[in-house]
1. (1) over 30 Å from R89 (Cβ atoms); (2) among the acidic types (D, E); (3) at pLDDT 90 or above; (4) touching a helix residue (DSSP H, G or I) at 6+ places or on another chain (Cβ under 9 Å): which one isn't true of E167, the others all being true?
2. How many residues, within region 1-40, are assigned to a helix (DSSP H, G or I), surrounded by 14 or more Cβ atoms within 10 Å (Cβ to Cβ) and among the aliphatic types (A, V, I, L, M)?
3. Could you look through region 147-164, keep only residues that are surrounded by 21 or more Cβ atoms within 10 Å (Cβ to Cβ) and either of a type in the set (A, V, I, L, M) or part of a strand (DSSP E or B) (or both), and pick out the one that is modelled with the lowest pLDDT?
4. So, in region 76-108, exactly how many residues are surrounded by fewer than 19 Cβ atoms within 10 Å (Cβ to Cβ), outside any strand (DSSP E or B) and more than 14 Å from the chain's Cα centre (by Cα)?
5. Being loosely packed, with under 14 Cβ neighbours inside 10 Å and out of contact with any Asp or Glu (no Cβ under 8 Å at 6 or more places or on another chain) is the filter here, so list the residues in region 61-75 that pass it.
6. When you scan region 48-65, do you find a residue that is among the aliphatic types (A, V, I, L, M), in contact with a Ser or Thr (Cβ under 8 Å, 6 or more places away or on another chain), at pLDDT 90 or above and not in a strand (DSSP E or B), even just one?
7. When only residues in region 110-146 that are of a type in the set (G, A, S) and assigned to a helix (DSSP H, G or I) count, which is farthest from L66 (Cα to Cα)?
8. Given the conditions (1) modelled with pLDDT of 90 or more; (2) within 26 Å of K58 (Cβ to Cβ), and given that L185 satisfies all but one, which numbered condition is not satisfied?
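The values are calculated or read from the model by the stated rules, or taken from the named source; none is laboratory data. Keep in mind that what you see is a predicted model, and the values were worked out from it rather than measured. Here Cβ is always computed from backbone atoms with ideal geometry, including for glycine, and neighbour counts include all displayed protein chains.
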Amino acid sequence: MSHELRTPLNAIIGFSELIDTQVFGPVGHDNYRDYIRNIHESGSHLLAIINDILDVSKAEAGMIDLHEEEVDLRDVIASGLRLIGPRARENGVSLESGFHSPLALVRADQRRLKQVLINLLSNAVKFTPAGGRVLVRAWATPGEGAGFEVADDGIGIAPADQDRVMEPFTQVESSLNRKHEGTGLGLPLCHALMEVHGGRITLDSELGKGTRISALLPAERVSSKTVDAA
């Protein structure tokens, strides 16, 4: 199923990118170039949705294999900020980070932790108005546990909806957030990926004031090796 879904889309994305570069000659009218870029962006968006659907399905079926290594959470945070930073600047949202010291290494799948963080940051930036602030901080203490949290001062989530947002394909019906597009897969995917690590996702939100979401790892995943969190 994965191959049948991804291969045609990768062809659409690849060929549209090739045409846009005009490597074999000019495309012609500027409108055509706009259409090609729209095709590329739409194809990339659809591929991201398909990847999320497949990942959620695999996680629910217990079919996600973790490629575990010793992970420095500073690297995870830095990667997430690099990727989401341009979108935050475009939206007029400030991104800040911090770490608790001492910071230990954690035993985890670094790519999956980045996937969780990027989803959380993306949601925070999406639902925070211009002039708002998103803060991400991480901690890893031997014998206690590890994790990272993303806090924003955005639109928030009503108490009655906070359990529902962890369900796949669920979007909260609200005049505040229906203008924001989404599949309703981001938080369920984060929840599933943390559960595979033996961890969990927690959510604390107040409508109209903001949201704090934490991705928590158990103590047994925290190494005795510490790094300088400065």
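1. The one condition E167 does not meet is (3).
2. So the answer is 7.
3. My answer is I157.
4. Pass one, region 76-108, residues surrounded by fewer than 19 Cβ atoms within 10 Å (Cβ to Cβ): 78-79, 81-83, 85-87, 89-92, 94, 96-98, 100-102, 107.
Checking which are outside any strand (DSSP E or B) leaves us with 78-79, 81-83, 85-87, 89-92, 100-102.
Those still in the list that are more than 14 Å from the chain's Cα centre (by Cα) too: 86, 89-92, 100-102.
Looking only at that region, the number is 8.
5. Across region 61-75, the qualifying residues are A61, G62, M63, D65, E70, D75.
6. Taking every residue of region 48-65 in turn, none turns out to be among the aliphatic types (A, V, I, L, M), in contact with a Ser or Thr (Cβ under 8 Å, 6 or more places away or on another chain), at pLDDT 90 or above and not in a strand (DSSP E or B).
7. Step one: list which residues in region 110-146 are of a type in the set (G, A, S), which gives 122, 124, 130-132, 138, 140, 143, 145-146.
Then drop every residue that is not assigned to a helix (DSSP H, G or I), which leaves 122, 124.
Values: S122: 23, A124: 26 Å.
The residue in question is A124.
8. That leaves (1) as the condition not met.
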